[in-house]
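Report on the following structure.
Nothing in this text is a laboratory measurement; each read-out follows from the coordinates by a stated rule. As the structure is a computational prediction, the values presented were derived from the model and not from experiment.
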Amino acid sequence: MDFTGKRVLVTGGSRGIGYAVAEAFLAAGARVAVNGTTGQSVNTALERLGGGPNLVAAPGDIGTVAGCESAVQTAVDAFGGLDILVNSAGIGSGRPIEDSDEAMWDAHVDVNLKGTFFCCRAALPALRESKGNIVNIASDAGLIGVPGITVYCASKGGVVNMTRAMALEVAPDVRVNTVCPGYVDTDMIRRDHIDKKDDPEAAEQRMIDYAPLKRIATPAEISQSVLYLASFDARFITGAALAIDGGSTAGH
Ligand SMILES: NC(=O)c1ccc[n+]([C@@H]2O[C@H](COP(=O)([O-])OP(=O)(O)OC[C@H]3O[C@@H](n4cnc5c(N)ncnc54)[C@H](OP(=O)(O)O)[C@@H]3O)[C@@H](O)[C@H]2O)c1
């Protein structure tokens, strides 16, 4: 896929899936603005990506409207417009319902759902002008219920259906799609869902067994689908939720 000259903003591009997306767009010729929570996390990512004129730092807290608007404005100002927005900034921790407090609810909904909405809102004028598109990163947990991560499911289910509504509202100018990954080998999974467990090896095995294809995905496997949905080849796709989950949402 060729994205030469395309102007891309990736929220949560400093690590994990977003980093792989930024790396893939860069390799395909795009100019990429990378967002993360702090200037430090973004600069570390830009160094890892090799630096250069096609990279722009766009830090900002996506859990706040001001942070979303600042990240988008930085990208639009640097590039003179925007063609593609990828919303990958997100958090995900699991807790039983009885242990889930207001702070946890607010943190998940603010970054995963509210942040995705307000980044889209901030980017729309530029995307309407370029006839661009948006790819949101939801989750297989936005398509089906998963016990133990109810708050995360609520935030990601919101992203899936928000994507549909938004796709209808901004068509035919702008396409909006979402990808729904299963378990992907990133800090989120290693740090929060494997290493913290009493038996990390058993926790990892449960994740491997969760997908009928019996493994955890790599970030690069998700990024390729993001690039496809953002590409000219996907020009008749909008409002879609593409599961990249090794079959975990196909049924039982
Ligand atoms: N990994 C999985 O198994 C999996 C499965 C399905 C869906 N997802 C979704 O995929 C997306 C990326 O997850 P990941 O696994 O790549 O996570 P990760 O490795 O933990 O990386 C999270 C990224 O989001 C950024 N971020 C978090 N909170 C932010 C905030 N308030 N403002 C700006 N940036 C923020 C982080 O920035 P810093 O570097 O500054 O912290 C980092 O770049 C998330 O939406 C997640 O829910 C992940």
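If you fit an axis through the alpha-carbon atoms of helix 150-170 and take the longest principal axis of the Cα set of the chain, what angle between them do you get, 0 to 90°, nearest 10?
30
Past 29 Å, Cα to Cα: identify those pairs from K114/K214; K6/K196; K6/K214; K131/K156, in the order given.
Listed pairs above 29 Å: K114/K214; K6/K196; K6/K214.
Restricting to Cα pairs below 8 Å that are 6+ residues apart, what does the relative contact order work out to for the chain? Please round to a whole percent.
20
Using Cα atoms only, what is the angle between the long axis of helix 16-27 and the major principal axis of the chain, expressed in degrees (0 to 90) to the nearest 10?
Here the helix axis deviates by roughly 30 degrees.
Once you have the alpha carbon radius of gyration of the chain, what is it after dividing by 2.2 N^0.38 Å, with N set to its residue count?
My calculation over the Cα atoms of the chain gives 0.95.
Between the helical axis of 39-48 and the dominant principal axis of the chain, each derived from Cα atoms, what acute angle in degrees is found, rounded to the nearest 10?
Tilt relative to the chain: about 80 degrees.
Averaged across orientations, what area in nm² does the convex hull of the alpha carbons in the range 65-128 project?
Value for the range 65-128: 4.7 nm².
Using Cα centres only, tell me the gap between the range 58-94 and the range 193-247 in whole Å.
Cα centroid to Cα centroid, the span is 22 Å.
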